Amino acid sequence: MSATHEAPEHEAASSNPRVALVVVAYRSDRVLRELLASVSAASAHPVAVVVVDNLPSEGNTRELAAQHGAVYVEQPQNPGYGGGMNAGVAALPSSVDWVLICNPDLELLPGSIDALVAVGESDPRIGSVGPAVLNTDRSVYPSARGVPSLRTGVGHALFVTVWQQNPWTAKYRHDADTGEQRDAGWLSGSCLLVRRSAFDELGGFDEGYFMYFEDVDLGYRLGLAGWRNVYAPQAQVIHTGAHSTTTESERMIRAHHASARRFLARKYSAGWLFWLRWSLSAALHVREAWVVRRSR
């Protein structure tokens, strides 16, 4: 990893911020500017900002980071989303207790960071807090879900593309738009506040996931370690969409299924579950081929 610290870094460090925002950029110039511009209104307190560039050979990400007083971390060998986030967290000052993990295509609504931190600090067992993630039409994306199980996870995976209202998908998504604060199995990594001590305890994201499921895995491991994942809809952000993947649909489909296979294999890792792992992997390979064919 090579890190470039722009001049404003000493200003953020000198204020000893307790909260930081880390964003991983990949062909993100168009949307990153709006995210960085929204940070100041999202908190009444200093927020350290780190921009990790997983494709530094393209765009003006370095300049955008400098314009907004952010630390710039360059990753010439793209380590994936989780790897980029881990590098960004490693670049934070020791004063930071809370890290807001963000996709670049977000707008933080006023007060959202402070609302998330308030929930996190209400209970020392809370390891992560997720906001209500709004689509551009202000509908609520189901960002707080249960950990995929044999019944709900597999049923959701097999039927969601052909039967949107199937009962397995409904249970898996857990009706995140109820408007009530509650615990969840995992929270979307598109915008997620994590307690730094909990994140460090787990070794951060599992970098074996290049893309997708790294947030599922993190929430699952937080739960196993005794931490709570809390959905806090009083904090709101707007997510405009997966801008960096829209032109690589087949590659992303394959990455998504590879990550699903990895998660299920690790969750059901006991030796006596060999045939279960084999069956799930085979089913996901068949589904992957079918979805790729449909995308073409």
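The values are calculated or read from the model by the stated rules, or taken from the named source; none is laboratory data. None of these values were measured; they are calculated from a predicted model. So basically every Cβ, Gly included, is an ideal-geometry build from the backbone, and we count neighbours across all protein chains shown.
Annotations for the structure displayed:
- Taking each residue of segment 192-211 that is free of Cβ contacts under 8 Å to residues at least 24 places away in the same chain and looking for partners that are in a loop (DSSP other than H, G, I, E, B) and of a type outside the set (D, E, K, R) with beta-carbon atoms closer than 7 Å, six or more apart or interchain, yields L202/A225.
- Those helices (runs of 4 or more DSSP H) lying entirely in segment 107-197 with at least 2 residues of a type outside the set (K, R) and modelled with pLDDT under 95: 152-159, 167-173
- Identity of the residue in segment 1-47, at pLDDT below 50, in a helix (DSSP H, G or I) and small (G, A, S), that ends up nearest to R62 (Cα to Cα): A12
- Segment 67-90 - residue that is surrounded by 19 or more Cβ atoms within 10 Å (Cβ to Cβ) and among the hydrophobic types (A, V, I, L, M, F, W, C) and, of those, nearest to the chain's Cα centre (by Cα): M85
- Between W272, W227, W278, the distinction of being at pLDDT below 75 and farther than 25 Å from Y26 by Cβ belongs to W278 only.
- Across segment 205-236, the qualifying residues are those that are of a type in the set (G, A, S) and either in contact with an Asp or Glu (Cβ under 7 Å, 6 or more places away or on another chain) or surrounded by fewer than 19 Cβ atoms within 10 Å (Cβ to Cβ) (or both), and the one among them that is farthest from Q181 (Cα to Cα) is G208.
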